[in-house]
Each structure stands twice: as structure tokens, then as C-alpha cells.
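The next block holds one structure in the form of C-alpha cells; read it before the comments.
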Amino acid sequence: MNEAEALNINELPFEILCDVFDYLALADVKTAAAVCRRWHQIIFSELYIKRFKLVLNLNELLPQLKGMLQTLEKSDREYYTIILKINLGHPLTDARLRILKFVIRMISQCSDSLYFNMADLRLESCVSQMSLRSRKLQLIDTRAKYIPLGMGLKEAMLAAICEFAPDLVDLVIAEMNINNPKALEKLSSLTQLKLLLISDYYPYGKPLTPPIILPNLENLSLINVTDDANYFFKADHLKRFFIHTNGTDAAKTMQSTADNMSSDISRLCVHFSARSIMADQLFEQLQRFPHLTAFELGGVAVPADVLKSLNPSNRLHKLIFVQCHMESLFLIDLKAKLECLRQLVFDSCFLYQANEGFRRIEYHDLEPLRRAMPDCQVVLDYD
């Protein structure tokens, strides 16, 4: 093998060439696409095009902003990720707002799913993150930055999304860090919305009257929020509801869920940051969800008699404990109260032992439970 053959770049696999092209400026990427047929196919492949990010510096002076908008309007490229660089202390002038509205229209044309990170002012099509519905939504990174300036800018961005992308089906709003519940009022204009995820939202004040009505919403996730975050929404056709609260009032969380969310919910996921919460306060409210087939409970203490208030007529097929402290795996009346149960999952849970305190549940701990419930799949899951 001679030196020329050893250094043939076209022998590199597709993924490595993509990484090489990432180091090039956009103008150089276009030049590279003209080098040969293979490079052209790679650069204009759907997989690689989605890697392009557009970074817009909105701190520029008015003439530069006008030129930026004209360039964007003439471009026919589809960007799946747009990052807006702006000093949060700057006002949202008409020139900046025009660019903001344009990029929202531009990215919403690529997909009916949108990821909006309020901390770093990033808009991204959910298409470029696999499929939003297939993700573990509760694992979305929430760094909880607190930025005291520029709240008006963020609210204006959200308002522009609601105005210029009215047909959104999926919307993720990450790192809200806004405590004004009115910031989300315009979401009611997204009448086609089926999936909504909001993280780091701390609404303080009286519930909105009327609440934010989301008529077609089927999937709602509220991550790292307060006890009463779900008071602000009304969803009559909800099928799945996930809430991860840093509050300590479990009864209030369940009460507001039952009052404001549809009784047709089939999957309910309730996670808490405070492990002192007792799970029996949550099972008491399950009778208000007659169509519930899957219940996921996270970060709570689970006594052996946790099922005492559960109505035996429930239709639960799947029960999941996540990072819970279990007093016993053999819950009292487990088979009598959960006749329809087909899957019981312990995800990163701990079991109390008289001489050891709490220890991580191991596979061998489940064997007696599996033998006692042959018709139910008993699963151990780790992070």
C-alpha cells in the first residue's frame, strides 16, 4: 500500500466524514459538495442536513439586522436548529422581533414539532431529535438556569411561536424559569397541539380564570414544577399525564390533577423530589380516573398497606415504582386489589431490611413475587 492510498479520505465511513465536514464553515461545506459525487450525496443527505445549526446574533445594530433578515428571506435552506444570541437586557425592538417571527415561521415549516429552550434561546425541530413521542420525556436535561433579565423577550418568543406556528402538534418548552402564569396563556391558541412538555416552570399567584384550555391535548408533561402547576391547564381529552414536582403536598398535586385533567387519562406518572411523601395519599385519588391502565409513581415512600384505599374495580394493567423506598415487595392485598395487573416494575427502587435499612432491590428479591403472581410480569429496571 503506497502513501497516497493510505491517505484516501473517501475510505472513511459516512459518520467520520460528517464529523470532518462539521469543522467547515457553511460556504466551505457548499464547496466540498462540489468535489465529488459521494461528498455531494453525504452533504445533501437528510441525515447530514439536519446537523446544520443557524446562529443569529441579534445584538447587531439596525443596519446589520435588516441585512440579516434580507439574507434569511432569500435563503431556501431548511434549518432544524436555530440559536438566537442576544443580550437579555436588550429590548425586543421591531427589527429583532421581525427576525424572530421569520425564523419561527421558517423552522415550523420543517416540522409540526418544536423544541424551545428558553434558557439559551434555542429553537429546534423535534424531527432532529429522533421522534419526540419515542423519547423518555422526563429525562430531558433541565439545568435550571435563572436569568432575571429579559423575561419579556422570552414571553415574546413564546407568543410569536403561538402566533406563527398555530398548527404545532408537539411542543417542548425547556427551562422556563418564569413564574408568571400568564406567560403561557397564548398556548390556548394552539388548537392542534397533542403533546406539550414544560420544564422548570414555577407559577406563583392565583390560578388563571379561565385556565389554559388545550382541547386536543393528549400528552402533557410538567417537569420540575410546583405543586399547583397543573391548576393552570384544562385538558378534557388527555390520555397521558406526567408531573415531576419539587413540592411536598402530594394530596394537593393529585387533587388538582383530578380536578383539571380528563378522567379519561389512561397513563398517569407522578414523581416527587421529596422522598418523605407517603404513596397512600396518591392511591386514594386513583378512583377518580376510571380508565387508568398504567400508573407510575416516583420518589416516594411505599408502605406495605399502600393499596388499602384502592378500589378493587380499578383497571390497572401496569404499575411502575421509580426510585421509591419500598417497605415490602409483597404489598398487602396486592392480588385482590390489582386483579388486572399484568406488569409490575421496580425501577431503581430500594427495599427495607430490618438489619440493613434500605438497600437496592436485586433480581433475586423478585423471585418469590414472580412465583406468587405467575400471570404478571415482574420486572427490575436500573438507570
### Task
Just name the residue that is modelled with the lowest pLDDT out of those in region 21-53 that are open to solvent by less than 60 Å² (accessible area, probe 1.4 Å) and in a helix (DSSP H, G or I).
49
### Query
What about residue 222, is it hydrophobic (A, V, I, L, M, F, W, C) and assigned to a helix (DSSP H, G or I)?
no
### Task
List every residue pair whose Cβ atoms sit under 7 Å apart, with the two residues 6 or more apart in sequence or on different chains, where the first one lies in region 173-185 and is open to solvent by less than 10 Å² (accessible area, probe 1.4 Å) and of a type in the set (Lys, Arg) and the second, anywhere, is modelled with pLDDT of 70 or more and outside any helix (DSSP H, G or I).
none
### Summary
Checked 195, 190 against criteria (crowded, with 20+ Cβ neighbours inside 10 Å and in contact with a strand residue (DSSP E or B) (Cβ under 6 Å, 6 or more places away or on another chain)); the one match is 195
### Task
Select, from 253, 248, 257, 209, the only residue that is assigned to a loop (DSSP other than H, G, I, E, B) and touching a residue at least 24 places away in the same chain (Cβ under 8 Å).
248
### Message
From the list 320, 332, exactly one residue is open to solvent by 10 Å² or more (accessible area, probe 1.4 Å) and closer than 16 Å to residue 265 by Cβ. Which is it?
### Response
320
### Message
Here's a check for you: in region 286-313, which residue that is under 18 Å from residue 247 (Cα atoms) and touching a helix residue (DSSP H, G or I) at 6+ places or on another chain (Cβ under 8 Å) is surrounded by the fewest Cβ atoms within 10 Å (Cβ to Cβ)?
### Response
297
### Task
With a cut-off of at least 3 residues that are among the aliphatic types (A, V, I, L, M), name the strands (runs of 3 or more DSSP E) lying wholly within region 297-375.
318-322
### Query
Which of the residues spanning region 103-161 are open to solvent by less than 60 Å² (accessible area, probe 1.4 Å), at pLDDT 75 or above, part of a helix (DSSP H, G or I) and touching a helix residue (DSSP H, G or I) at 6+ places or on another chain (Cβ under 9 Å)?
103, 104, 106, 108, 154, 155, 156, 157, 158, 159, 160, 161
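For region 163-182: of the residues being of a type outside the set (A, V, I, L, M) and in contact with a strand residue (DSSP E or B) (Cβ under 9 Å, 6 or more places away or on another chain), which is modelled with the highest pLDDT? Don't jump to the end; show me each part of the working.
Within region 163-182, the subset of a type outside the set (A, V, I, L, M) is 163-164, 166-167, 170, 175, 177, 179-182.
With in contact with a strand residue (DSSP E or B) (Cβ under 9 Å, 6 or more places away or on another chain) added as a condition, the list becomes 170, 175, 181.
Numbers: 170: 86, 175: 78, 181: 73.
Once the filter is applied, the top-ranked residue is 170.
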### Query
Does any residue of region 215-238 turn out to be open to solvent by 50 Å² or more (accessible area, probe 1.4 Å), modelled with pLDDT under 85, touching a Pro at 6+ places or on another chain (Cβ under 7 Å) and within 19 Å of residue 271 (Cβ to Cβ)?
yes
### Task
Report yes if some residue within region 207-214 is under 23 Å from residue 175 (Cα atoms), buried (at least 17 other Cβ atoms within 10 Å of the Cβ) and in contact with a Pro (Cβ under 9 Å, 6 or more places away or on another chain); otherwise report no.
yes
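The values are calculated or read from the model by the stated rules, or taken from the named source; none is laboratory data. Please read these numbers as outputs of a predicted model, since none were measured by experiment. In this analysis, Cβ positions are derived from the backbone assuming ideal geometry, glycine residues included, and neighbour counts consider all displayed protein chains. Surface accessibility is based on the protein's heavy atoms, side chains included, excluding ligands, DNA and RNA. Shrake-Rupley method; radii C 1.70, N 1.55, O 1.52, S 1.80 Å.
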